[in-house]
Amino acid sequence: MVEPVQGEGGYIVPPDDFLPMLREVTEKYSVPLIFDEIQSGMGRTGKIWASEHYGVNPDIMCISKSVGGGIPTSMIAYRSDYDTQLPKGFHLGTYRANPVALAAGTAILNYLKNTDILERVSSKGQYIMKRLNEIQDSSRYIGEVRGKGFMIGAELVKGRKTKEPSQEMANMVKSYLYRHGVLMLTCGHFGNVMRYIAPLTIEDELIDKGLSIFEDAVKELEHIY
Ligand SMILES: Cc1ncc(COP(=O)(O)O)c(C=O)c1O
């Protein structure tokens with residue numbers, strides 16, 4: 001079971017051959033391959049599913065968060081032949097198949113399929129990455145910028161050479177951003193990765209405003225350390 005692009009773990013993009021290799025091995029040994037697309041799915045990386053970037057289909061996929069567009073819902077998709085192995089009535093349950101949530105999910109999937117939003121996420125994502133790389137070039141404290149689409153992480157480190165993680169700096173940046181009207185979460189094993197996870201519909205002006213406040217926050221670190 002893997003996230004095609006890791007979320008809480010630090011916005012980690014795997015090498016291109018990682019998921020194809022997992023598919024090959026799991027097929028060889030008949031092990032179900034499960035993708036958790038709860039954070040990386042629903043257009044977040046510029047494709048409906050992050051795993052599409054790697055051309056790999058899982059046997060089971062976990063989906064949630066944006067699929068409900070604010071209505072709490074989650075779902076599991078699985079290989080059609082698994083269905084025959086499940087007992088009849090298996091899907092029944094108190095909170096299952098909420099019609100409003102399912103209608104929201106259908107509308108959102110149709111929106112992703114029938115508009116140019118995914119192209120926007122890809123092209124704007126590249127722009128954001130470029131801007132973050134420029135901020136990285138001007139600071140000693142950003143170790144790496146990585147991601148796809150609107151799922152981009154910037155690592156805060158004590159120095160470029162050692163790349164020692166700094167949760168303290170990440171918390172300072174987060175607090176500076178909060179005081180200046182920008183919400184950004186941290187993630188990663190060491191809590192030092194700032195994650196860019198804006199709504200896919202965010203306006204251009206707000207992207208630029210957020211990035212320049214982020215730049216100010218990183219500059220502020222230069223005064224403190
Ligand atoms: C990748 C991923 N999977 C699953 C979940 C859901 O976890 P939970 O049901 O504990 O909220 C999350 C929540 O953040 C997530 O990011």
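All of the numbers you see were taken from the coordinates with simple rules; none came from a lab. Source: prediction; values computed, not measured. Cβ placement follows ideal geometry from the backbone for every residue including glycine, while neighbour counts extend to all protein chains displayed.
In segment 5-43, what chymotrypsin sites (Phe, Trp or Tyr not before Pro) fall in a loop by DSSP, with at most 12 other Cβ atoms inside 10 Å?
TYR29
Give me the extension gain from ALA107 to GLU52: residue separation times 0.36 nm, minus the current Cα-Cα distance, reported in nm with one decimal.
17.7 nm
In the chain, once you exclude exposed trypsin sites (Lys or Arg not before Pro) (DSSP loop, at most 15 other Cβ within 10 angstrom), what's the longest stretch remaining?
Longest stretch, sites excluded: 1-78.
Go ahead and set up a Gaussian network model of the chain, Cα springs under 10 Å, then flag whichever of ASP83, ASP208, ASP116 fluctuates most.
Comparing ASP83, ASP208, ASP116 in the GNM, the peak value goes to ASP83.
Once R0 is set to 25 Å, what does the formula 1/(1 + (r/R0)^6) return for the Cβ-Cβ distance between ARG79 and VAL100, expressed as a FRET efficiency to the nearest 0.05?
My answer for the efficiency is 0.35.
For the pairs LYS113/LYS209; LYS148/LYS219; LYS174/LYS219; LYS65/LYS130; LYS130/LYS209, flag any whose C-alpha to C-alpha distance is greater than 18 Å.
LYS113/LYS209; LYS148/LYS219; LYS65/LYS130
Using a Förster distance of 35 angstrom, determine the FRET efficiency expected from the C-beta separation of VAL25 and ARG179, and round it to 0.05.
0.15
Could you give the longest part of the chain that holds none of the GluC sites (Glu not before Pro) found in DSSP loops with at most 16 neighbouring Cβ atoms within 10 Å?
9-202
Can you tell me the FRET efficiency between GLU220 and HIS189 if r is taken as the Cβ-Cβ distance and R0 is 35 Å, rounded to the nearest 0.05?
It comes out at approximately 0.90.
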